[in-house]
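*Asks:* This is the structure I want to talk about, given as structure tokens.
The values are calculated or read from the model by the stated rules, or taken from the named source; none is laboratory data. Since we're looking at a predicted model, the values are computed, not measured. Ideal geometry is used to build each Cβ from the backbone, glycine not excepted, and the neighbour counts take in all protein chains shown.
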Amino acid sequence: MKKILTLLFLILLVGCSTKKNVTEYTEIQWMDIEDIEAALEKEPKKVLIDVYTDWCGWCKKMDATTFSDPEVIKYLNKNYYCVKFDGEEKDTVQYRGENFKFVGQGRRGYNELAFNLMKGKMSYPTYVFLDENLDILQPIKGYMTSVQFLPILTFLGEDIYKDKTWNEFVESSKSEE
């Protein structure tokens, strides 16, 4: 009986650790914006902020296709901290020691943080890439397929932008094929 219980415990233990590893590659590990600074203190990584709204059809398509692609998931989970941020968040958000509030302007309004991250050009979806110091590298707008998105992730995530322009990177990638 003791052997059976020990065996069942080991199976359960292995099953739980396997589930974690499978989850790491089957879905993006999204986190809250408020948790980014603490995560960066433990392990520096680039940050990707997906600025979306709940009514945005292209945002939903991005979730259903590109953000569900196993290669994109694996690359993001390994190289980035990923944040989903509602551009119309009504609650006050604390980020880098500042409070960002909802502004009820226009048809729907916006959160000041989204406005700042997108440099005042409100468009959904927008992907804001930050370096390990939370400095904005680049906001990029619009739906993208995995084939379009992965090179951008690599270009920014592996610091290639420090040595090459985007066009040089694209050309060198073509010559490697």
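*Asks:* For VAL51, are the conditions met, namely being in contact with a Gly (Cβ under 8 Å, 6 or more places away or on another chain) and either closer than 18 Å to LEU153 by Cβ or modelled with pLDDT under 95 (or both)?
*Replies:* So VAL51 passes the test.
*Asks:* Read through the list (1) β-branched (Val, Ile, Thr); (2) under 25 Å from ILE152 (Cα atoms); (3) at pLDDT 95 or above, then give the number of the only condition that THR26 fails.
*Replies:* Just one mismatch for THR26, condition (3).
*Asks:* Does GLU71 fit the bill of being farther than 18 Å from TRP30 by Cβ and within 17 Å of the chain's Cα centre (by Cα)?
*Replies:* no
*Asks:* Kindly indicate whether LEU150 is among the aliphatic types (A, V, I, L, M), assigned to a helix (DSSP H, G or I), in contact (Cβ under 8 Å) with a residue 12 or more places away in the chain and farther than 17 Å from TRP30 by Cα.
*Replies:* The answer is yes for LEU150.
*Asks:* Next question. Return the residues of segment 101-133 that are assigned to a strand (DSSP E or B) and under 16 Å from VAL47 (Cα atoms); say none if nothing qualifies.
*Replies:* If the condition is that a residue be assigned to a strand (DSSP E or B) and under 16 Å from VAL47 (Cα atoms), then THR126, TYR127, VAL128, PHE129, LEU130 are the ones that fit.
*Asks:* Let me ask you something else. Which condition number does VAL128 fail, the rest of (1) without any contact (Cβ under 8 Å) to a residue 24 or more places away in the chain; (2) under 20 Å from GLU37 (Cα atoms) being met?
*Replies:* Tallying (1) without any contact (Cβ under 8 Å) to a residue 24 or more places away in the chain; (2) under 20 Å from GLU37 (Cα atoms), VAL128 fails exactly one: (1).
*Asks:* Out of the residues in segment 69-80 that are out of contact with any Phe, Trp or Tyr (no Cβ under 9 Å at 6 or more places or on another chain) and in contact (Cβ under 8 Å) with a residue 24 or more places away in the chain, which is surrounded by the fewest Cβ atoms within 10 Å (Cβ to Cβ)?
*Replies:* Filtering segment 69-80 for residues that are out of contact with any Phe, Trp or Tyr (no Cβ under 9 Å at 6 or more places or on another chain) and in contact (Cβ under 8 Å) with a residue 24 or more places away in the chain, the one surrounded by the fewest Cβ atoms within 10 Å (Cβ to Cβ) comes out as GLU71.
*Asks:* Sticking with this structure for a sec: If I ask for residues that are of a type in the set (S, T, N, Q) and outside any helix (DSSP H, G or I), which ones from segment 134-147 would you list?
*Replies:* Within segment 134-147, GLN138, THR145 qualify.
*Asks:* I've got another one for you. Can you list residue pairs whose Cβ atoms sit under 7 Å apart, with the first residue in segment 82-100 being in a loop (DSSP other than H, G, I, E, B) and the second being exposed (fewer than 11 other Cβ atoms within 10 Å of the Cβ)? Count only pairs 6 or more apart in sequence or on different chains.
*Replies:* THR92/ASN99
*Asks:* May I ask you to verify whether GLU112 is farther than 22 Å from THR154 by Cβ and either modelled with pLDDT of 95 or more or surrounded by fewer than 18 Cβ atoms within 10 Å (Cβ to Cβ) (or both)?
*Replies:* yes
*Asks:* Residue under question is VAL103, and the condition is that it be surrounded by 17 or more Cβ atoms within 10 Å (Cβ to Cβ), farther than 16 Å from ILE28 by Cα, β-branched (Val, Ile, Thr) and more than 17 Å from the chain's Cα centre (by Cα); does it hold?
*Replies:* For VAL103, the condition - surrounded by 17 or more Cβ atoms within 10 Å (Cβ to Cβ), farther than 16 Å from ILE28 by Cα, β-branched (Val, Ile, Thr) and more than 17 Å from the chain's Cα centre (by Cα) - is not met.
*Asks:* OK, next. Quick check, is VAL72 assigned to a helix (DSSP H, G or I) and of a type in the set (Val, Ile, Thr)?
*Replies:* Yes, satisfied.
*Asks:* Here is a further query. Find the residue count for segment 117-171, including only residues that are over 20 Å from GLU71 (Cβ atoms) and among the polar types (S, T, N, Q).
*Replies:* Selection size over segment 117-171: 6.
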